[in-house]
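Note sheet for the following structure.
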Amino acid sequence: MLLTRVDSGLDGVIVADTVMSEVDGEAGRLTVRGHVLEELIATRGFEGVAALLWEGYAQGGGDVAAVREGMAAARAHAFAQVPKLLAATRGLNPVEALRVGIGMLPDSEKTPHHFLVCGAMPVFLAALLNAEKGLSPIAPDPQLTTAQDLLRMIRGQRAGEVFETALDAYLATIADHGFNASTFTARVVASTHAGLISAVLAALCALKGPRHGGAPGPVLDMLDEIGDASHAEAWFADAFAKGTRLMGFGHRIYKVRDPRADVLKRTVATLPSTAGRLAYAAAIEQGAIAALRKYKPGQRLDTNVEYYTALLLEALDVPRRAFTALFAVGRTAGWCAHIFEQEKGGRIIRPQSNYVGPRP
């Protein structure tokens, strides 16, 4: 067998065909099943994107009303598991606790598993955040969308249309994004026919890693530490001298600005009382880009989705420790789509390795 030496991170290696999404790093464009990102956010909510991703693969695919109904019913079903979840997750952070919750869902469950995990994620997250504040969990409302219900369960009351629309745009924006680490993990597990719940759990574990899903919180830490736009140049000079990585900048695929960053920046601007914070963040963004060009002139690094994700979730009053868990609420729809696609047409994923150890 002829083996080809490749980069250890699989850069440029095609492992499967997909109809789900295309990430064009050179053009800075994200296409989801034939629709550019900006069009999707303008015309579809989170459930609409999920319906698009699942079309031709799963129950409810292509039917937004059916997806909304299926997710709502699954939220109500998942709520029955909340007491057991809270008893088993004391002291764990939100992602660790979600990992326990998804692991508690049985493969024998009759509810369609893609609805089940997409319904369980927001219900479990809201209950966990309320428990941290010493509050009782709030039952889901099947008349609401995922975004509306999640904010209501976290806050104890409806958040208002502008906030609900902003969260809905965020969940839709991050629903799918090519063969990223967590999605590829889901496909590897799906290729063994371990089942959708196991594949989603594995994807969540991959997302937990700070090099994949943990960047938005540190963006806010950086903004807080700089403190004022006038301090930015000196702060960046010190950061590069120390070898500090700038959070919210650079992407493994995009060689230009991440299109999701612009979508979320515009979304933040729709929220009340964000003008000052947004102006400050934009000034720091320009300072960071200038510093990157100065200190890393040979690299193409620009703003990524995490930068304005941080601003959006902060404006929605989501605690920083829950940012990655909330990301999972949206990305689960994409994980499910890739699991269906892998199970339908893919062989077990079993790459070769290049042995470089000692010979007998």
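Side notes on the structure shown:
- Within the stretch 277-294, being exposed (fewer than 15 other Cβ atoms within 10 Å of the Cβ) and farther than 18 Å from Val263 by Cα holds for Ala290, Arg293, Lys294.
- When Ala337, Ala322, Ala279, Ala328 are checked against the criterion of being part of a helix (DSSP H, G or I) and more than 18 Å from the chain's Cα centre (by Cα), Ala279 stands alone in meeting it.
- Sole residue being in contact with a Leu (Cβ under 6 Å, 6 or more places away or on another chain) and either under 25 Å from Ile339 (Cα atoms) or of a type outside the set (Asp, Glu) (or both), chosen from Gly213, Gly160: Gly213
- Qualifying positions in the stretch 33-63 - part of a helix (DSSP H, G or I) and open to solvent by 70 Å² or more (accessible area, probe 1.4 Å): Glu38, Glu39, Ala42, Thr43
- Neighbours by Cβ (under 7 Å, 6+ apart or cross-chain): first from the stretch 22-45, over 18 Å from Lys265 (Cα atoms) and among the charged types (D, E, K, R); second part of a loop (DSSP other than H, G, I, E, B) and at pLDDT 95 or above: Arg33/Val19; Arg33/Met20
- Residue count, the stretch 109-150 (criterion: part of a loop (DSSP other than H, G, I, E, B) and surrounded by 24 or more Cβ atoms within 10 Å (Cβ to Cβ)): 1
- Residue in the stretch 215-229 that is open to solvent by 40 Å² or more (accessible area, probe 1.4 Å) and on the phi > 0 side of the Ramachandran plot present: yes
- Members of the stretch 79-104 found to be within 11 Å of Ala127 (Cα to Cα) and loosely packed, with under 13 Cβ neighbours inside 10 Å, listed by number: Pro83
- The stretch 17-32 - residue that is outside any strand (DSSP E or B) and at pLDDT 90 or above and, of those, least open to solvent (accessible area, probe 1.4 Å): Met20
The values are calculated or read from the model by the stated rules, or taken from the named source; none is laboratory data. This structure is a prediction, so every number in the text was calculated from the model and none was measured. Quick reminder, even Gly has a Cβ in these numbers, built from the backbone with ideal geometry, and neighbours come from all protein chains shown. Ligands, DNA and RNA are stripped out before the accessible areas are found, and what is left, the full protein with its side chains, is counted by its heavy atoms. Shrake-Rupley method; radii C 1.70, N 1.55, O 1.52, S 1.80 Å.
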